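To start, the structure itself, in structure tokens.
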Amino acid sequence: MRIATWNVNSVRQRLAPLLSFLKESNPDILCLQELKCEETAFPRMEVEDAGYNVVLHGQKTFNGVAILSKSPIEESTVGLPGFDHEGQSRYIEAVVSNGDAGVFRVASIYCPNGNPPDTPKYAYKLRFMKALTAHAFALLKLEEATVLAGDYNIIPEPRDAHDPSAWVADALFLPESRAAYRRLLNLGYADALRAATDDAGLYTFWDYQAGAWQKNKGIRIDHLLLSPQAADRLARVEIVKEMRAGDKPSDHVPIFAELA
DNA sequence: ATGACAACGCAACGTTGA
């Protein structure tokens, strides 16, 4: 069972790379973030023709999250429970029965960026993380194979940035942000990549500006968090780095967890 | 060298993102 997450930075601009990713990488489940369109503008027919069921929470211009699944989606909920999202579409959760692989609960999450830190945007980010942590704690009690996947907009550790010193005052790397991420891990969720490797220099985002990709000045901010029941089955993690080098790339690349 | 990007809405350039 292969589950991936990808911030596409506009699903309409990324339709060709998305369809080629579905065909070549063949994920069973794919979580998307930053759709940047309302549900009526989502390329549903193209995605369904590629063999996927879809649930999504769209929004004009900004945000927007989706879950794509080869197997039928049995139930889905829109929005982070207990959180006043103020009109921002950043969370969708679904239960998928994946044949012999069993039942999975999956969330596609687009955590707020939070910059600049001295504004309400940062307070919103921390408030989102607090609500996410409370919900993640409640989900643990279900004792299911759960994957909380998405763009967390948090660099967990210095080894997750090409130049950590450049990020010390940024909402993505401030101590409060990193502590909020650690609180999720401390509940008992595993950061899939860190369960697989200790290597530094593994990134999921490279800025469009200043040749960041060519210089490999990246950061790791897209994460798959696994409940104990999911983590027990983790076989492999892969960052699909080559997607950043393709035509009209997103500034993020997909990351996969393969569960046995 | 102090610039360098992309997407949106909407038809000029300000806002947002990271």
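The values are calculated or read from the model by the stated rules, or taken from the named source; none is laboratory data. No experiment lies behind these values; they were computed from the predicted model shown. Note that each Cβ is placed from the backbone with ideal geometry, even for glycine, and that neighbours are counted across all protein chains shown.
Structure data summary
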| read-out | value |
| --- | --- |
| Any hit, the range A:147-156, residues being surrounded by fewer than 17 Cβ atoms within 10 Å (Cβ to Cβ) and charged (D, E, K, R) | no |
| First in the range A:104-132 and more than 19 Å from A:ARG183 (Cα to Cα), second anywhere and part of a helix (DSSP H, G or I), Cβ under 8 Å, 6 or more apart | A:PHE104/A:ALA230; A:ARG105/A:LEU139; A:ASN115/A:LYS121; A:ASN115/A:TYR122; A:PRO116/A:TYR122 |
| Residue in the range A:175-192 that is closer than 19 Å to A:ILE92 by Cα and of a type outside the set (Phe, Trp, Tyr) present | yes |
| Filtered residues of the range A:1-37 (kept if over 17 Å from A:GLN88 (Cα atoms) and of a type in the set (Gly, Ala, Ser)) | A:ALA4, A:ALA16, A:SER20, A:SER25 |
| 2 or more residues more than 16 Å from DNA strand B (Cβ to nearest atom), free of Cβ contacts under 8 Å to residues at least 60 places away in the same chain and farther than 25 Å from A:ALA123 by Cα: qualifying strands (runs of 3 or more DSSP E) within the range A:12-93 | A:53-57, A:65-69, A:73-78 |
| Residue list for the range A:202-223, restricted to those being assigned to a loop (DSSP other than H, G, I, E, B), under 14 Å from A:PHE173 (Cα atoms) and near DNA strand B (Cβ under 8 Å from one of its atoms) | A:ILE221 |
| Unmet requirement for A:PRO116, which otherwise passes all of (1) more than 18 Å from A:VAL65 (Cα to Cα); (2) within 15 Å of DNA strand B (Cβ to nearest atom); (3) at pLDDT 95 or above | (3) |
| Flag for A:ASN153 being assigned to a loop (DSSP other than H, G, I, E, B), in contact (Cβ under 8 Å) with a residue 24 or more places away in the chain, within 12 Å of DNA strand B (Cβ to nearest atom) and among the polar types (S, T, N, Q) | yes |
| Selection status of A:ALA169, within 14 Å of DNA strand B (Cβ to nearest atom) and surrounded by fewer than 15 Cβ atoms within 10 Å (Cβ to Cβ) | yes |
